[in-house]
Amino acid sequence: MYESILKQVYLFETLSDAELSELLQSATELEYAPGTVIFREGDASDHFIIVLDGSIEIVKSIDTEIERVIKVTRKHDYLGE
């Protein structure tokens, strides 16, 4: 099931089925409630996130008076370092 989703993600569209299966062995599906902060600017990152459904707001300077949304991800977008 997830192989077909990964093939729709630009970064993975050229991978073979075997490569996608291998990649998925280390994948975990997580669900977040609306408004949940997934990580903050400056946090160490060891995750790669693919949006399966919904969206994620990328917010600069969260919880400050200069807070602003700099990007909104959509289905099949990805983020991570």
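The values are calculated or read from the model by the stated rules, or taken from the named source; none is laboratory data. Everything quoted here is computed from the prediction, not taken from an experiment. Quick reminder, even Gly has a Cβ in these numbers, built from the backbone with ideal geometry, and neighbours come from all protein chains shown. Surface accessibility is based on the protein's heavy atoms, side chains included, excluding ligands, DNA and RNA. Shrake-Rupley method; radii C 1.70, N 1.55, O 1.52, S 1.80 Å.
For segment 33-81, with the dipole built from +1 on Lys and Arg beta-carbon atoms and -1 on Asp and Glu ones, taken about the Cα centre, which of His47, Thr73, Thr36 lies farthest toward the positive end?
It is Thr73.
Label Leu11 and Glu67 with points 7 Å out from Cα along Cα→Cβ: what is the distance between them in nm?
Once both label points are built, they end up 2.6 nm from each other.
Would you please name the trypsin sites (Lys or Arg not before Pro) within segment 1-67 that are DSSP coil residues with at most 10 other C-beta atoms within 10 Å of their C-beta? Write out the running numbers ahead of the final one.
Details: sites: Lys7, Arg40, Lys60; in loops: Lys7, Arg40.
Of the trypsin sites (Lys or Arg not before Pro), the ones in loops of segment 1-67 whose Cβ has at most 10 other Cβ atoms within 10 Å are Arg40.
Over the chain, with every protein chain in place, what whole percent of the accessible area is carbon and sulfur at 1.4 Å, could you tell me? Present the calculation step by step, with values, prior to reporting the outcome.
Working: 3260 of 6580 Å².
Carbon plus sulfur share of accessible area: 50 percent.
At 1.4 Å probe radius, can you tell me the per residue accessible area of the chain in Å²?
Averaged over the residues of the chain, the accessible area is 81 Å².
Please sort by residue number the GluC sites (Glu not before Pro) in segment 39-71 whose DSSP state is loop and whose Cβ has at most 16 other Cβ atoms within 10 Å.
For GluC sites (Glu not before Pro) across segment 39-71 that sit outside H, G, I, E and B with at most 16 neighbouring Cβ atoms in 10 Å, the list reads Glu41, Glu65, Glu67.
Check which residues have an amide H placed less than 5 Å from Val59's amide H, if you skip close sequence neighbours.
Under 5 Å from the amide H of Val59 lie the amide H atoms of Ile70, each far enough along the sequence or on another chain.
Which residues' amide hydrogens lie under 5 Å from the amide hydrogen of Asp77, considering only partners 5 or more residues apart or on another chain, with H built in the peptide plane?
Under 5 Å from the amide H of Asp77 lie the amide H atoms of Val51, each far enough along the sequence or on another chain.
Suppose a student asked you for the relative contact order of the chain, using Cα pairs under 8 Å spaced at least 6 residues apart; what percent would you report?
Numbers: 81 pairs, mean separation 23.1, N = 81.
Normalised by residue count, the contact order of the chain is 28 percent.
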